[in-house]
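Colleague: Here it is, the structure in full.
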Amino acid sequence: MSLGVKSKRVLTRLLQAIPTVFGILVVCFILTRALPGDPAAYFAGDMADEASIEQVRENLGLDQPMPMQFVTYVGDLLQGDLGVAISTGQTVTQELAKRLPASLELTLGALLLALTIAVPLGVLAATRPNSWVDHLCRFLVTAGVSLPTFFTGLALLYVFYYLLGWAPPPMGRLDMMFLPPESITGFYTIDSLIAGDWALFKASLAQMALPLITLALFTLAPIARMTRAAMLQTLASDYVRTARAAGLSRRRVLVTYAFRNALLPVITTLGMVFSFVLGANVLVEKVFAWPGIGSFAVEALVVSDYAAVQGFVLSMALLFVALNLLIDVTYTLIDPRVGEDS
Amino acid sequence: MNRRNFLKSATTLSVGASLLPLAQLLPQAAQAASNETAVVVFGGTINSLDIHRSGTNRASYQVAINCYDRLVSFGTKQTADGSLSYDFNNVQPELAESWEISDDGTVMTFKIRKGATFWDGKPVTAHDVKWSLDRAVSLGGFPTVQMKAGRLESPDQFKAIDDETFQITLPFPSKLALPDLATPIPIIINSEVAKANATPDDPWATEYLHRSPAGSGAFKVMRWNAGEQLVYERNDNWACGPLPGYQRVMLREVPAQSTRRALIERGSVSASQNIPNKDAKELAEKAGVKVVSTPIENCIYSLCTNLDFEPFKDKRVRQAVAWSIPYEKIFEQAAYGQGVPMWGGADQVTSIAWPQKSPYEQNLEKARALMAQTAYKDGFEVPLSFNLSVADWAEPTALLIQQGLAEIGIKASIEKIPGANWRTIALVEKKLPLHLENFGGWLNTPDYYFFWAYIKGNLFNSYNYDNPEMAKLIDDTLDMAVSHPDYTPNVTRMIEIAFDDIPRIPLWQPTLNVAFKEGVEGYEYWFHRQMDIRPLKPA
């Protein structure tokens, strides 16, 4: 498949995403307004009277009929204006720019950590069924799925911060003695490396350690289980038997024939796991005072902060469209069958 | 000097630190909770630095308190347990050096403090005061409502006579006018800075002051990372009071209560604002932590019976409900014994202290007897609602009330209402038949409480109570001086009516609990329930 054809396919996929995103916009717009509660009354404050509530309603543009509100919203959106999140007093764009990297840093870090543990563990468990590795894998998987993240988070906090004092105070992304690095990617670890500041890198990593482990424990389970199952399946398949019969080395059989094929379902799972982790983030963010997107969205939802909720949903929609695209592209790289028939 | 070297030397550097540029100052906070820096954690979020802006939440009021001055403030008094509290009956100068009130009580003339300057060095003048108060009454929303409580409604009432003299004219004399000037709302803003940043669409510079305060107060905002932290830096030229004990105060947002508790217990932070009763009780027994619990003035946690609900139209049913509540158990299990009991008082009202104990206690005989006299002797069903955002005390309370009501044949089903909807459903539409309510008045007079809670249509009368005698008493008394001969009889009568009609059944007076690391002194309770960091100091 030529490069031109490939990029054309990517482009087509992107174009296909447009109606999806627009649909999400409409549904989200209607859903937020269908929520019970009156943001004007809420934001006018405790003692406000009718007149001042009306005034706030006007300021928020909520006195307009709904279709008009939607037109204004889409118009603003096209100019890149996502509105102001009243619950935090910042523009939604600012909030997303600051909080999305914070959440992604945790999520991606946790995925990475989980992958480096879960994949080898799954492979080992599959190649040595019923050995101690297999049992360890089962134990971790069961623990990972059955322990709620806020519990793991609190337990880790209790042991490593409260009792042992190894972890730094759980107060967000950086200890109070540091200033955040100049923002390039928004990931403190990467930005501090770019700035060449090792002390800062260490500090941000220390701050991340506990939330990262909490999330990784949760993420590990489906990945390890999927790897193990997929490996067992491919190891029992005809082509692996053929390869073995042909006298190929054990290593070659495992890596080239079995593992590469087993990776496909793992990648698919990864896409789903990513969305789980982003959801699980909310609780972890609360426990570790992490200024991420999850806690922001929940707070916004609770107070019916329309602009913030819409901005959040839109960014998530775009993120997942991008993620699915990425997974599809990865598929074509790993699986020679995908793409050849087109 | 790079950051690393700086950190190494930071411990030896503390005197000269104030000469360093801003970016390098922060690492100083390394010795968090040291003698220079205090770290305060809280569960809310600061969403604006401008208290007048619409949408500014309660937690953000502390910026107005610490960064701005008002014309007047309140003095300090010692409470029964030795902790400090503001003193409602003792109005003290802040930006106003002195003031005079005309003989008829309608003209107040303030002299602005000499030598008081804004952070940029500009002297504070009466014109700044005029602009700031105009802004508070013009922007609408909560600020305007609070100003109105002190009879301050229109810019025409405010006059800058010259640079140092400012005059307020009241439509009629009111005892609430002066104390209302000491609430967080009527802050004095640097009007020149504000005007320079105003636009035709935004004449009151709300966009600018939202992010950049311009005041004369004891602290400046050094950094504000919304959703994370706010760093206060002391204004060493503050003219309106003794220099605060801390050079810098970092306010950190930590949403999870369990995390905040771990932080204060480990001694990582200097103070944890507004902790739940359970933690207050448990932390008080730990070494290294000090808990200050102050009863919240003019505030009662109550059960309200809505008079729009048919059975509650009968006074005897309301009284029966009041006699059925297991007060004692509620106080133990929901309040963890923190607070002041508000039941089991004398039959006669002998004092005008407010809040005071109601004559009710759990007496099922009496309750059943009262119910038997009514048309509802076979009982009825009623939903019992509470606000989910105060579930920590409301949920156990509701469950215990449910048990008490079951004893007299009333079947209550519990309904939890999300915080965002509470206001609309409970306070604006006033349609909850039976609910828990926690109103507290900022201005500490009983008549002010009764004004908000016992006049038909007012916000905290969420139970549609309507009694012409009560309404007239409140109307007569609200602006009346406390020394007026009619004042005590009027308030006594109000309390009598409130207890007899009992649309709002008092449960207990809650406390405001703050936990401190050992060695942090000077904390003072304020009616606004926010942390005033100005009097805090290291031991």
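Colleague: Quick one: which of B:227, B:245, B:217 is within 11 Å of chain A (Cβ to nearest Cβ) and buried (at least 19 other Cβ atoms within 10 Å of the Cβ)? Before the answer, list the steps.
Modeller: On the way: B:245 fails: within 11 Å of chain A (Cβ to nearest Cβ); B:217 fails: within 11 Å of chain A (Cβ to nearest Cβ).
Of the residues listed, the single one that is within 11 Å of chain A (Cβ to nearest Cβ) and buried (at least 19 other Cβ atoms within 10 Å of the Cβ) is B:227.
Colleague: Suppose we filter the stretch A:166-176 for residues that are more than 7 Å from chain B (Cβ to nearest Cβ) and either farther than 16 Å from residue A:281 by Cα or in contact with a Ser or Thr (Cβ under 6 Å, 6 or more places away or on another chain) (or both); how many remain?
Modeller: Of all residues in the stretch A:166-176, those more than 7 Å from chain B (Cβ to nearest Cβ) come to A:166-168, A:173-175.
Okay, now just the ones that are also either farther than 16 Å from residue A:281 by Cα or in contact with a Ser or Thr (Cβ under 6 Å, 6 or more places away or on another chain) (or both), so A:166-168, A:174-175.
Residues flagged as more than 7 Å from chain B (Cβ to nearest Cβ) and either farther than 16 Å from residue A:281 by Cα or in contact with a Ser or Thr (Cβ under 6 Å, 6 or more places away or on another chain) (or both) within the stretch A:166-176 amount to 5.
Residue by residue, here is whether (1) within 14 Å of chain A (Cβ to nearest Cβ); (2) out of contact with any strand residue (DSSP E or B) (no Cβ under 6 Å at 6 or more places or on another chain); (3) at positive phi; (4) among the polar types (S, T, N, Q) holds:
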position: B:414; (1), (2), (3), (4): no, no, no, no
position: B:449; (1), (2), (3), (4): yes, yes, no, no
position: B:487; (1), (2), (3), (4): no, yes, no, no
position: B:491; (1), (2), (3), (4): no, yes, no, no
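Colleague: Determine which single condition residue B:121 fails, assuming it passes every other condition in (1) surrounded by fewer than 16 Cβ atoms within 10 Å (Cβ to Cβ); (2) under 30 Å from residue A:40 (Cα atoms).
Modeller: (2)
Colleague: Picking from A:114, A:41, A:51, A:102, which residue would you name as being within 13 Å of chain B (Cβ to nearest Cβ) and modelled with pLDDT of 85 or more? Before you say what the answer is, go through the steps one by one.
Modeller: Working: A:114 fails: within 13 Å of chain B (Cβ to nearest Cβ); A:41 fails: modelled with pLDDT of 85 or more; A:51 fails: modelled with pLDDT of 85 or more.
Sole residue among the options that is within 13 Å of chain B (Cβ to nearest Cβ) and modelled with pLDDT of 85 or more: A:102.
Colleague: In contact with a Phe, Trp or Tyr (Cβ under 7 Å, 6 or more places away or on another chain) and surrounded by fewer than 19 Cβ atoms within 10 Å (Cβ to Cβ), is that true of residue B:387? Let's see the steps before the verdict.
Modeller: Numbers: in contact with a Phe, Trp or Tyr (Cβ under 7 Å, 6 or more places away or on another chain): yes; surrounded by fewer than 19 Cβ atoms within 10 Å (Cβ to Cβ): no.
No, not satisfied.
Colleague: Out of the helices (runs of 4 or more DSSP H) lying entirely within the stretch A:223-340, which hold 1 or more residues that are more than 14 Å from chain B (Cβ to nearest Cβ) and out of contact with any Gly (no Cβ under 7 Å at 6 or more places or on another chain)?
Modeller: Working: elements: A:238-245, A:260-287, A:293-302, A:306-334.
The helices (runs of 4 or more DSSP H) meeting that bar are A:238-245, A:260-287, A:306-334.
Colleague: Quick one: how many residues across the stretch B:47-62 are modelled with pLDDT of 90 or more and either more than 8 Å from chain A (Cβ to nearest Cβ) or assigned to a helix (DSSP H, G or I) (or both)?
Modeller: Of the residues in the stretch B:47-62, 8 are modelled with pLDDT of 90 or more and either more than 8 Å from chain A (Cβ to nearest Cβ) or assigned to a helix (DSSP H, G or I) (or both).
Colleague: Go through the stretch B:102-136 and give me each residue that's without any contact (Cβ under 8 Å) to a residue 40 or more places away in the chain and either polar (S, T, N, Q) or closer than 16 Å to residue B:176 by Cα (or both).
Modeller: Within the stretch B:102-136, B:102, B:125 qualify.
Colleague: Which number in (1) under 15 Å from residue B:50 (Cβ atoms); (2) within 13 Å of another protein chain (Cβ to nearest Cβ) marks the one condition that residue B:198 misses?
Modeller: (2)
Colleague: Here's something else I'd like to know. Within the stretch B:400-493, which helices (runs of 4 or more DSSP H) (wholly inside it) include 3 or more residues that are acidic (Asp, Glu)?
Modeller: Numbers: elements: B:419-422, B:446-454, B:468-477.
Fully inside the stretch B:400-493 and qualifying: B:468-477.
Colleague: Continuing with this model, one more query. I'd like the full set of residues that are under 14 Å from residue A:280 (Cβ atoms), surrounded by 15 or more Cβ atoms within 10 Å (Cβ to Cβ) and small (Gly, Ala, Ser), limited to the stretch A:92-150.
Modeller: Selection gives A:103, A:109, A:110, A:114, A:144.
Quick grid of which residues meet (1) under 28 Å from residue A:288 (Cβ atoms); (2) acidic (Asp, Glu); (3) in contact with a helix residue (DSSP H, G or I) (Cβ under 7 Å, 6 or more places away or on another chain):
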position: A:107; (1), (2), (3): yes, no, yes
position: A:110; (1), (2), (3): yes, no, yes
position: A:113; (1), (2), (3): yes, no, yes
position: A:117; (1), (2), (3): yes, no, yes
position: A:125; (1), (2), (3): no, no, yes
position: A:130; (1), (2), (3): no, no, no
position: A:138; (1), (2), (3): no, no, no
position: A:145; (1), (2), (3): yes, no, yes
position: A:148; (1), (2), (3): yes, no, no
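Colleague: Hey, another quick one. Here are some residues: A:304, A:237, A:275. Which one is of a type in the set (S, T, N, Q), in the same structural domain as residue A:208 (by TED's automatic domain parsing) and crowded, with 16+ Cβ neighbours inside 10 Å?
Modeller: Working: A:237 fails: crowded, with 16+ Cβ neighbours inside 10 Å; A:275 fails: crowded, with 16+ Cβ neighbours inside 10 Å.
None of the other options fit; the residue is A:304.
Colleague: Given the options B:376, B:301, name the one that is touching a residue at least 24 places away in the same chain (Cβ under 8 Å) and in contact with a Leu (Cβ under 6 Å, 6 or more places away or on another chain).
Modeller: On the way: B:376 fails: in contact with a Leu (Cβ under 6 Å, 6 or more places away or on another chain).
Just a single option satisfies the conditions, and that option is B:301.
Colleague: Tell me yes or no: at least one residue of the stretch A:199-209 is touching a residue at least 60 places away in the same chain (Cβ under 8 Å), within 24 Å of residue A:157 (Cβ to Cβ) and touching a helix residue (DSSP H, G or I) at 6+ places or on another chain (Cβ under 7 Å).
Modeller: The answer is yes; a qualifying residue exists.
Colleague: Take the residues in the stretch B:56-68 that are more than 21 Å from residue B:119 (Cβ to Cβ) and in contact (Cβ under 8 Å) with a residue 60 or more places away in the chain, then tell me which one is farthest from the chain's Cα centre (by Cα). Explain how you work it out, then say what you get.
Modeller: Here is the first cut: in the stretch B:56-68, the ones more than 21 Å from residue B:119 (Cβ to Cβ) are B:57-59.
With the extra rule that they be in contact (Cβ under 8 Å) with a residue 60 or more places away in the chain, the set shrinks to B:58-59.
On the way: B:58: 9, B:59: 10 Å.
Here the answer is B:59.
Colleague: Being in a helix (DSSP H, G or I) and in contact with a helix residue (DSSP H, G or I) (Cβ under 6 Å, 6 or more places away or on another chain) is the filter here, so list the residues in the stretch B:288-311 that pass it.
Modeller: B:311 - this is the single residue of the stretch B:288-311 that is in a helix (DSSP H, G or I) and in contact with a helix residue (DSSP H, G or I) (Cβ under 6 Å, 6 or more places away or on another chain).
Colleague: Whether any residue in the stretch B:266-274 is crowded, with 22+ Cβ neighbours inside 10 Å, assigned to a loop (DSSP other than H, G, I, E, B) and away from every other protein chain (no Cβ under 14 Å) is what I want to check.
Modeller: Scanning the stretch B:266-274 turns up no residue that is crowded, with 22+ Cβ neighbours inside 10 Å, assigned to a loop (DSSP other than H, G, I, E, B) and away from every other protein chain (no Cβ under 14 Å).
Colleague: Touching a residue at least 60 places away in the same chain (Cβ under 8 Å), away from chain A (no Cβ under 14 Å), closer than 26 Å to residue B:398 by Cα and polar (S, T, N, Q): does that describe residue B:235? Can you show your working first?
Modeller: On the way: touching a residue at least 60 places away in the same chain (Cβ under 8 Å): yes; away from chain A (no Cβ under 14 Å): yes; closer than 26 Å to residue B:398 by Cα: no; polar (S, T, N, Q): yes.
The answer is no for residue B:235.
Colleague: Being among the hydrophobic types (A, V, I, L, M, F, W, C), more than 11 Å from every other protein chain (Cβ to nearest Cβ), over 22 Å from the mean Cα position of the chain (by Cα) and in a helix (DSSP H, G or I) narrows it down to one of A:156, A:200, A:193, A:205, so name that one.
Modeller: On the way: A:156 fails: over 22 Å from the mean Cα position of the chain (by Cα); A:200 fails: more than 11 Å from every other protein chain (Cβ to nearest Cβ); A:205 fails: over 22 Å from the mean Cα position of the chain (by Cα).
Testing whether each residue is among the hydrophobic types (A, V, I, L, M, F, W, C), more than 11 Å from every other protein chain (Cβ to nearest Cβ), over 22 Å from the mean Cα position of the chain (by Cα) and in a helix (DSSP H, G or I) leaves just A:193.
Colleague: Here is a check on your reading of the model: is residue A:96 within 14 Å of chain B (Cβ to nearest Cβ) and under 28 Å from residue A:149 (Cβ atoms)? Step through it out loud before you land on a result.
Modeller: Working: within 14 Å of chain B (Cβ to nearest Cβ): yes; under 28 Å from residue A:149 (Cβ atoms): yes.
It is true that residue A:96 is within 14 Å of chain B (Cβ to nearest Cβ) and under 28 Å from residue A:149 (Cβ atoms).
Colleague: Answer yes or no: is there a residue in the stretch B:526-539 that is in contact with a Pro (Cβ under 8 Å, 6 or more places away or on another chain), assigned to a loop (DSSP other than H, G, I, E, B) and within 14 Å of residue B:343 (Cα to Cα). Walk me through how you get there before you give the answer.
Modeller: Step one: filter the stretch B:526-539 for residues in contact with a Pro (Cβ under 8 Å, 6 or more places away or on another chain), giving B:528, B:530, B:533-537.
Pick out the ones that are also assigned to a loop (DSSP other than H, G, I, E, B) and you get B:528, B:530, B:533-536.
Of the ones still in play, those that are also within 14 Å of residue B:343 (Cα to Cα) are none.
No - not one qualifying residue is present in the stretch B:526-539.
Colleague: Consider residue A:141 against the criteria (1) closer than 22 Å to residue A:278 by Cβ; (2) within 14 Å of chain B (Cβ to nearest Cβ): it satisfies all of them except one. Which criterion is unmet?
Modeller: Evaluating residue A:141 over (1) closer than 22 Å to residue A:278 by Cβ; (2) within 14 Å of chain B (Cβ to nearest Cβ) leaves (2) as the failure.
The values are calculated or read from the model by the stated rules, or taken from the named source; none is laboratory data. Note that the structure is predicted; figures quoted are calculated from it, not measured. All Cβ positions, glycine included, derive from the backbone under ideal geometry; neighbour counts span all protein chains shown.
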